[in-house]
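Following: one structure in structure tokens, then a few remarks.
The values are calculated or read from the model by the stated rules, or taken from the named source; none is laboratory data. Since the model is a prediction, treat every value here as computed from it, not as a measurement. Virtual Cβ from ideal backbone geometry, glycine too; neighbours counted across all protein chains shown. For the accessible areas, the whole protein counts, side chains as well, though only heavy atoms, and no ligand, DNA or RNA atoms are used. Shrake-Rupley method; radii C 1.70, N 1.55, O 1.52, S 1.80 Å.
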Amino acid sequence: MIAAVRTGVLVFVAAIAQVAVVSGIQVLEATPDVLLVVVVVVAFQRGALAGAIAGFAGGLVVDVATLGVLGVTSLLLTLAGFWAGRYAETTGRGRTLAPYVAVGVMSVLVTAGGIVVHFLLGDALDLRLIGSGVVPTVIFDVALAAVLIPFGRWMMGQRRVEYTAEVEVVV
């Protein structure tokens, strides 16, 4: 119970920090995504389900706080948390660089998913600005992960996910 409260506080603080502080920082047309990194940390520490719940809750806080289209950030971060957790549960076990790889990949996928969702909603998009900001965003997110991964592990109590031993195909 205490671990869930700690995780909830971590996600809530990251979402508020994302909206209040980090969204105003823009270098090379890129903005770091603190909430995405925290969702990946939660997914690596607690598993796919906890990662998806953290992504949904944090995304909902961001959507409500920014008065944006309700559910877009929630959807993207829910998927990112789930897939980062699945990666941690299956292939990422015991690998030191796996969380950093997951942060980089999820950063690209969330950016691409955001473009697709906003396109489907009929929003105007300037693809030149989006294309030039992807690489710096990934670099910022991975650099931010170097600080947030140890902090997140400490905050959530260093608990490790129960990994699956093998993936077996039954024919």
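Within the stretch 96-125, residues that are within 15 Å of Gly71 (Cβ to Cβ) and without any contact (Cβ under 8 Å) to a residue 12 or more places away in the chain have Cβ atoms under 9 Å from residues that are in a helix (DSSP H, G or I) and open to solvent by 80 Å² or more (accessible area, probe 1.4 Å) in no pair, counting only partners at least 6 apart in sequence or on another chain.
State yes or no: is Gly85 out of contact with any strand residue (DSSP E or B) (no Cβ under 7 Å at 6 or more places or on another chain), of a type in the set (Gly, Ala, Ser) and part of a helix (DSSP H, G or I)?
Details: out of contact with any strand residue (DSSP E or B) (no Cβ under 7 Å at 6 or more places or on another chain): yes; of a type in the set (Gly, Ala, Ser): yes; part of a helix (DSSP H, G or I): yes.
Yes.
The single condition among (1) within 18 Å of Val108 (Cα to Cα); (2) open to solvent by less than 20 Å² (accessible area, probe 1.4 Å) that Thr73 does not satisfy is (2). When Asp63, Asp33 are checked against the criterion of being free of Cβ contacts under 8 Å to residues at least 12 places away in the same chain and of a type outside the set (Ser, Thr, Tyr), Asp63 stands alone in meeting it. Scanning the stretch 1-28 for residues being open to solvent by less than 40 Å² (accessible area, probe 1.4 Å) and basic (Lys, Arg) gives a total of 0. Close contacts from the stretch 72-89, counting a first residue that is touching a residue at least 60 places away in the same chain (Cβ under 8 Å) and a second that is of a type in the set (S, T, N, Q) and open to solvent by 30 Å² or more (accessible area, probe 1.4 Å), with Cβ to Cβ under 9 Å and a gap of 6+ residues or different chains, come to Glu89/Thr164. For the stretch 29-41, the count of residues that are surrounded by fewer than 19 Cβ atoms within 10 Å (Cβ to Cβ) and more than 17 Å from Pro99 (Cα to Cα) is nonzero. Only one of the listed residues (Val62, Val37, Val11, Val42) is at pLDDT below 85, assigned to a helix (DSSP H, G or I), under 22 Å from Val105 (Cβ atoms) and touching a helix residue (DSSP H, G or I) at 6+ places or on another chain (Cβ under 9 Å). That residue is Val11.
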